[in-house]
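Please treat every number below as a calculation from the coordinates, not as lab data. Computed from a predicted structure; not experimentally measured. Glycine also receives a Cβ, built like all others from the backbone with ideal geometry; neighbour counts cover every protein chain displayed.
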Amino acid sequence: MNSHPMKKLLILAYDFPPYVSVGGLRPYNWHRYLMEFGVEPIVITRQWANTHGNHLDYISPGISPLLIEEKSERGTIYRTPYHPNLSNRLLLKHGDSRFRFIRKMISGYYEFAQFLFPTGPKAGLYDFARAYLNENKVDAIIATGDPFVLFSYASKLSKEFDVPWIADYRDTWVQDKTRSGNRFTKGWNSFFERRFLRNVEKISTVSTFIMKQLQQNLPNKNYEIVLNGFNPDVMHAAEAIVQQHEVFTISFAGTIYKWHPIYSFLKVCNDLLEQKKIDQMHVRFYGINNAFEIQQAIQKNYPALMDHVSIFPKTENEELVKKLAESNAFLLFNDYSILGTKIFTYIGIKRKIILCYSEDKEALELKRSYYNLQEFESESKQLQEDLLHDTNSGIVVKNENHLKQVLIDLNDEFQLSNNIVCDSKGIEKYSRKMQVEKLAEIVKSL
């Protein structure tokens, strides 16, 4: 038994299961494990209907006009009603091709106005959090972004109710070029980031690289590193699943960014099948953001892959892990200074990881053109590589020619044993449970 009184932590989390996003897994695991370390989590999120299995789920109405309360031995979750704004309703009803200008104007209004006062579809979290704090005491508040407007809500609530708060950055806000495209937008975001975090007690984030990015706009703050990781409960379930033994299968899950050499990977697979260097292989994509473009590219440029690629919609995380566990190997693209979340899921499932690429000329050109963040000489630019070496979890592929040989070798191994061995080691320290324990200690120290 814990001899100290239980601390109460109010968690503002927009992304949260059942919504399918890697961002939702972080607060989900806080809720899953905090109670074991003497902190009671009270999660305030929005309702998610998951009716589309794609990006439209983000703007679709909630499942009830009423607040949904879920109490368990792990804490409490409050799911607030979600009502799409007019822009989102037009998109849901008429599709992407109609009313574009009107939708852009409405979205632009909310994008800026939400930082001035609580308005728009996300404000339901603030309204309920304020009502909750009027009736209940908590010891701390944590808001996890993005959306970064949650920091505005946490800052206001902290002032009004005299409760310390933590800003949790899963990613950068101001420094991301895709989020702060022009000088005005970057200046706007930079101003509000500094304003909202004036009264923040601590800033938690996922790596020292992200911390150094944040320090450019937020110097002299108290930073803590709380890594991402894999969910041990889900991974135990994956252990019972045997990798399939009929066709050599490689899987990829999540977002494909513009700096990822996806077409190089497809070209290599296509060439190996065309040249009969591999008789059978299958590539599975789960919940990718550019399914249509990939399908079009395969039809036009990689005909040998037509019957060898499957694309599946977004799937809830526990179900996704089971599907991934059926594969023989995982595809991972190089994110350089960014470690990300996907690699931890892959490592936890214990399948061989194929990282593309470490020194491919075309891939490095893509990086120069599209990579979102400035890198630092003092920080490793090969975090995924470092982790794969540390855990012996995969193969760092240098370039296209190396990939051809790697796939041939793995296929040969599969033909011999209907299995690809992954002799990983020391992965336990990357369990999310251990990172949640660290967060609990931070909360108790406030």
Quiz item: Counting pairs of alpha carbon atoms under 8 Å apart in space and at least six apart in sequence, what relative contact order in percent does the chain give?
Solution: 15 percent
Quiz prompt | ³J(HN,Hα), Karplus 6.51/-1.76/1.60, whole Hz, each residue of the stretch 128-136, x for Gly, Pro | solution = 6, 4, 5, 5, 5, 6, 5, 10, 9
Quiz item: So for 191, 265, fewest C-beta neighbours within 10 Å to most, what's the order?
Solution: 191, 265
Quiz item: So which residue, out of 162, 146, 335, gets the largest mean-square fluctuation from a GNM of the chain using Cα contacts under 10 Å as springs?
Solution: 162
Exercise. Could you tell me what % of all Cα pairs in the chain have separations over 41 Å?
Key: 18 percent
Quiz item: Arranged by the count of other C-beta atoms within 10 angstrom, fewest first, what order do 206, 406 take?
Solution: 406, 206
Self-check item: Rounded to the nearest 20 debye, dipole of the stretch 232-430 from Cβ charges on Lys, Arg, Asp, Glu
Solution: 320 debye
Exercise. Could you size up the charge dipole of the chain around its Cα centre, putting +1 on the beta carbon of Lys and Arg and -1 on that of Asp and Glu, and report it in debye to the nearest 20?
Key: 1560 debye
Quiz prompt | Pairwise label distance in nanometres, residue 137 with residue 365, each label 7 Å out on the Cα-Cβ vector | solution = 6.5 nm
Quiz item: Toward the positive end of the charge dipole of the stretch 232-430, about the Cα centre and with charges on Cβ (Lys, Arg +1; Asp, Glu -1), which of 371, 263, 281 goes farthest?
Solution: 263
Self-check item: Förster radius 60 Å - calculated FRET efficiency between residue 276 and residue 191 (Cβ-Cβ, nearest 0.05)
Solution: 0.50
Quiz item: Which whole-angstrom value gives the distance between the alpha carbon centres of the stretch 164-238 and the stretch 248-293?
Solution: 32 Å
Self-check item: Stokes-Einstein translational diffusion, the stretch 132-197 - Kirkwood Rh over all Cα pairs, 1.567 mPa s, 4 °C, in µm²/s
Solution: 102 µm²/s
Exercise. In a Gaussian network model over the chain where Cα atoms closer than 10 Å are linked, find which of 157, 86, 227 has the largest mean-square fluctuation.
Key: 86
Self-check item: Alpha carbon Rg of the stretch 346-402, scaled by the compact-globule rule 2.2 N^0.38 Å
Solution: 1.24
Quiz item: Please identify the GluC sites (Glu not before Pro) of the stretch 170-275 that satisfy two criteria: DSSP loop assignment and at most 13 other Cβ atoms within 10 Å. Which are they?
Solution: 246
Quiz item: Straight-line reach from residue 186: which aspartates and glutamates have Cα under 16 Å away, leaving out those fewer than 8 places along the same chain?
Solution: 111, 146, 171, 176
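Take the Cα pairs of the stretch 232-430, get the Kirkwood Rh, then feed it into Stokes-Einstein at 37 °C and 0.692 mPa s and tell me D in µm²/s.
It diffuses with D of about 191 µm²/s by this estimate.
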Exercise. Among the listed pairs 71/156; 8/342; 258/342; 342/381; 314/438, give every one whose C-alpha distance is greater than 19 Å.
Key: 71/156; 8/342; 314/438
Quiz item: What distance in nm separates the simple spin-label points at residue 295 and residue 423, each placed 7 Å from Cα in the Cβ direction?
Solution: 4.2 nm
Exercise. Please identify, among 131, 304, 363, the residue showing maximal mean-square fluctuation in a Gaussian network model of the chain using a 10 angstrom Cα cutoff.
Key: 131
Quiz item: Using the count of nearby Cβ atoms within 10 Å as a rough guide to exposure, how do 338, 102 rank from fewest to most?
Solution: 102, 338
